[in-house]
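Take this structure first; my questions come after.
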Amino acid sequence: MDRQEDNGLIRHLEPVQSAWIDYNGHMNVAYYVLAFDHATDVVLDALGLGAAYADTSGMSIFVADMHVAYRREVHEGDMLRFESRLFDFDDKRLHIFHTMLGGKSMEVAATTRSCVSTWTWAAAGLLRCLRRGERPRGPLKAPERPGRARRRRTGNKILTIIRVPSPL
């Protein structure tokens, strides 16, 4: 796995493994999620919240919510390039948007928006830096198609509905 950072955009490269291919000859949908999870690990490492954070703090980050939009097939041996960006956060959650590019043309194969969280947010200093826009480097820009959230009251409950744009 390879990683680069550029103005808040974190890039990661990973090939499509032969074990990820289904009987149709392209990457199975479950492995899109696995590959996005690898890209999330790269983002968390870049933010200081990856494996080393878990080892030293005794806490770990987990994916609380994920929405994937599939755009095109990728095949065995194709190189996948992930462009990831932190686009929102609060005291308990980080919202990460990933774009997966793949194939010979490196067209968008899929996108995902992930919400990651931890039970105890021990990184108060990191939050202060994020609020000042210091890390990741550059401004926090929203991606082109992150989906939308809206709230609706039903009886005495408030539902949060996430609308994810169509991949077409």
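Tally up the residues in the stretch 7-44 that are within 17 Å of Glu73 (Cβ to Cβ) and either within 15 Å of the chain's Cα centre (by Cα) or small (Gly, Ala, Ser) (or both), please.
At the first step, the residues of the stretch 7-44 found to be within 17 Å of Glu73 (Cβ to Cβ) are 14-36.
If we keep only those that are either within 15 Å of the chain's Cα centre (by Cα) or small (Gly, Ala, Ser) (or both) too, we end up with 14, 18-19, 25, 30-36.
Result for the stretch 7-44: 11.
Let me ask another. Which of the residues belonging to the stretch 47-67 are closer than 28 Å to Ser18 by Cα and modelled with pLDDT of 85 or more? Please lay out each step first, then the result.
Kept after step one, since they are closer than 28 Å to Ser18 by Cα, are these residues of the stretch 47-67: 50-51, 62-63, 65-67.
Gly50, Ala51, Val63, Asp65, Met66, His67 - these are the residues of the stretch 47-67 that are closer than 28 Å to Ser18 by Cα and modelled with pLDDT of 85 or more.
Considering only residues of the stretch 56-72 that are surrounded by fewer than 17 Cβ atoms within 10 Å (Cβ to Cβ) and β-branched (Val, Ile, Thr), which is farthest from Leu101 (Cα to Cα)?
Thr56
From the residues in the stretch 45-91 that are of a type in the set (Val, Ile, Thr) and closer than 26 Å to Glu107 by Cβ, which one is farthest from the chain's Cα centre (by Cα)? Step through it out loud before you land on a result.
Going through the stretch 45-91, the residues of a type in the set (Val, Ile, Thr) turn out to be 56, 61, 63, 68, 74.
Those still in the list that are closer than 26 Å to Glu107 by Cβ too: 63, 68, 74.
Working: Val63: 9, Val68: 10, Val74: 19 Å.
If we take residues in the stretch 45-91 being of a type in the set (Val, Ile, Thr) and closer than 26 Å to Glu107 by Cβ, then Val74 is farthest from the chain's Cα centre (by Cα).
Hey, another quick one. Quick one: what pairs do we get from the stretch 53-67, first residue in a loop (DSSP other than H, G, I, E, B), second among the aromatic types (Phe, Trp, Tyr), C-beta under 7 Å, 6+ apart or different chains?
Met59/Trp119
Could you check how many residues of the stretch 23-42 are free of Cβ contacts under 8 Å to residues at least 40 places away in the same chain, among the aromatic types (Phe, Trp, Tyr) and either touching an Asp or Glu at 6+ places or on another chain (Cβ under 8 Å) or surrounded by 14 or more Cβ atoms within 10 Å (Cβ to Cβ) (or both)?
1
Does Tyr53 count as touching a helix residue (DSSP H, G or I) at 6+ places or on another chain (Cβ under 9 Å), surrounded by 16 or more Cβ atoms within 10 Å (Cβ to Cβ) and within 14 Å of Thr118 (Cβ to Cβ)?
Answer is yes for this residue.
Name the one entry in Asp91, Asp45 that is loosely packed, with under 14 Cβ neighbours inside 10 Å, closer than 21 Å to Gly8 by Cα and touching a residue at least 12 places away in the same chain (Cβ under 8 Å). Don't jump to the end; show me each part of the working.
Details: Asp45 fails: loosely packed, with under 14 Cβ neighbours inside 10 Å.
Unique residue meeting the criteria: Asp91.
The values are calculated or read from the model by the stated rules, or taken from the named source; none is laboratory data. In this text the structure is predicted, and so the values were computed from the model without any measurement. We place every Cβ from the backbone using ideal geometry, glycine too, and count neighbours over all the protein chains shown.
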